[in-house]
Amino acid sequence: MKLASLKGGRDGQLVVVSRDLSRYVTAEQVADTLQEALDNWTDAEPALAELAASLEGGAGEDFNPADCMAPLPRAYQWADGSAYVNHVELVRKARGAEMPESFWTEPLMYQGGSDSFIGPCEPILAASEDWGIDFEAEVTVVIDDVPMGVSAEDALSHIQLIMVVNDVSLRNLIPGELAKGFGFFQSKPSSAFSPVAVTPDELGDAWQEGKLHLPLLSFLNGEPFGKPDAGIDMTFDFGRLVAHAAKSRPLGAGSIIGSGTVSNKLDDGPGKPISEGGVGYSCIAEIRTIETIESGKPQTSFLHFGDRVRIEMNDADGNSIFGAIDHEVEQY
């Protein structure tokens, strides 16, 4: 099934959305918000599934992604991994930083701000273009209550929903923050999530062994920018990522775990733009990195005010699974 949160109040109104994203029914008889449903998932899930079945029979009202907040407008936790180590290696190489060997054996993860997510059609706000505004197309999972020390294998059973995200980054603020040795904060503003969150069964064979085996599509000002397959070159599956987050503490229902920027290699080396026969990139930083490696300096600029970013994922028949993140960059 597919779930969304329509605008209304701080945490939205939970609705169930049809498989083709055309209609919805309110879920108020089950739970007012998605967080409430996740807090009582054992009882809520079958009741929500019944509402989903009614939609496939033709019930419901017209669904408009522009009416949506993030599925979880605020969450108890947003922990973003970096499962595509190819991306990490490239970005560090461009700034002359060595990559420890441990990056290939233990996930990187940071704790992002989760109190002010933005909706799929709301603008990316930044005070200055000098901050180096960038998008990052990623896959995320939403979990139920996870015990401390869970194994990677058992962690997979705690994944209840899947979304895609634009994990916005302010690239020119990152070096100064990392130099302090305390991680990201100002350089990671509010993230934008897909209109709907879906249960793993909606993905069929595309969801296997904790990975989503479909291309993640991104567009910049209407032009294709990236289409890497999220199931390829993912060094750490979501079971590993959830287990990593839960190593020393339990995780509460509604916590969101991210994959990091989806990135594919090409012939065991850096990828190429779509225009050159590659699968492109899920962020601007990666193409700038490759340009720097190849020619000594980047040529592609970061985002400007007025630029539009679109991120979505289609099934094998070309149908949008999560709906699209589709928003402009605006000056705050």
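The values are calculated or read from the model by the stated rules, or taken from the named source; none is laboratory data. All of these numbers come straight from a predicted model, not from anything done at the bench. Note that we place each Cβ from the backbone using ideal geometry, even for glycine, and neighbour counts take in every protein chain shown. Heavy atoms of the whole protein, side chains included, go into the accessibility calculation; ligands, DNA and RNA do not. Shrake-Rupley method; radii C 1.70, N 1.55, O 1.52, S 1.80 Å.
Worth pointing out:
- If the condition is being among the small types (Gly, Ala, Ser), open to solvent by less than 10 Å² (accessible area, probe 1.4 Å) and not in a loop (DSSP other than H, G, I, E, B), then the stretch 149-196 contributes ALA155, SER169, ALA192.
- Residues of the stretch 69-105 that are in contact with a strand residue (DSSP E or B) (Cβ under 9 Å, 6 or more places away or on another chain) and surrounded by fewer than 18 Cβ atoms within 10 Å (Cβ to Cβ): TYR76, GLN77.
- Take the conditions (1) among the acidic types (Asp, Glu); (2) assigned to a helix (DSSP H, G or I); (3) exposed (fewer than 13 other Cβ atoms within 10 Å of the Cβ); GLU45 misses just one of them, which is (3).
- Selected residue [more than 24 Å from ASP315 (Cα to Cα), free of Cβ contacts under 8 Å to residues at least 40 places away in the same chain and either of a type outside the set (A, V, I, L, M) or out of contact with any strand residue (DSSP E or B) (no Cβ under 7 Å at 6 or more places or on another chain) (or both)] from ALA31, ALA47, ALA37: ALA47
- Long-range neighbours under 6 Å by Cβ, at least six apart or interchain, first residue open to solvent by less than 90 Å² (accessible area, probe 1.4 Å) within the stretch 244-257, second of a type in the set (Asp, Glu) and outside any loop (DSSP other than H, G, I, E, B): ALA253/ASP39
- Answer residue from the stretch 106-127, given it is of a type in the set (Gly, Ala, Ser) and open to solvent by 30 Å² or more (accessible area, probe 1.4 Å) and is nearest to THR235 (Cα to Cα) among those: GLY113
- Residue satisfying condition, being at pLDDT below 95 and either more than 20 Å from SER282 (Cα to Cα) or of a type in the set (Asp, Glu) (or both), within set GLU106, GLU153, GLU129: GLU106
- Taken over the stretch 1-12, the criterion of being open to solvent by 70 Å² or more (accessible area, probe 1.4 Å) and either acidic (Asp, Glu) or out of contact with any Gly (no Cβ under 9 Å at 6 or more places or on another chain) (or both) is satisfied by ARG10 alone.
- Subset of the stretch 13-30 [open to solvent by 10 Å² or more (accessible area, probe 1.4 Å), more than 9 Å from ALA52 (Cα to Cα), in a loop (DSSP other than H, G, I, E, B) and not polar (S, T, N, Q)]: ASP20, LEU21, GLU28, VAL30
- Output for the stretch 175-218, where each listed residue is under 29 Å from GLU328 (Cα atoms), in contact (Cβ under 8 Å) with a residue 40 or more places away in the chain and among the aliphatic types (A, V, I, L, M): ALA192, VAL196, ALA197, VAL198, LEU203, LEU212, LEU214, LEU216, LEU217
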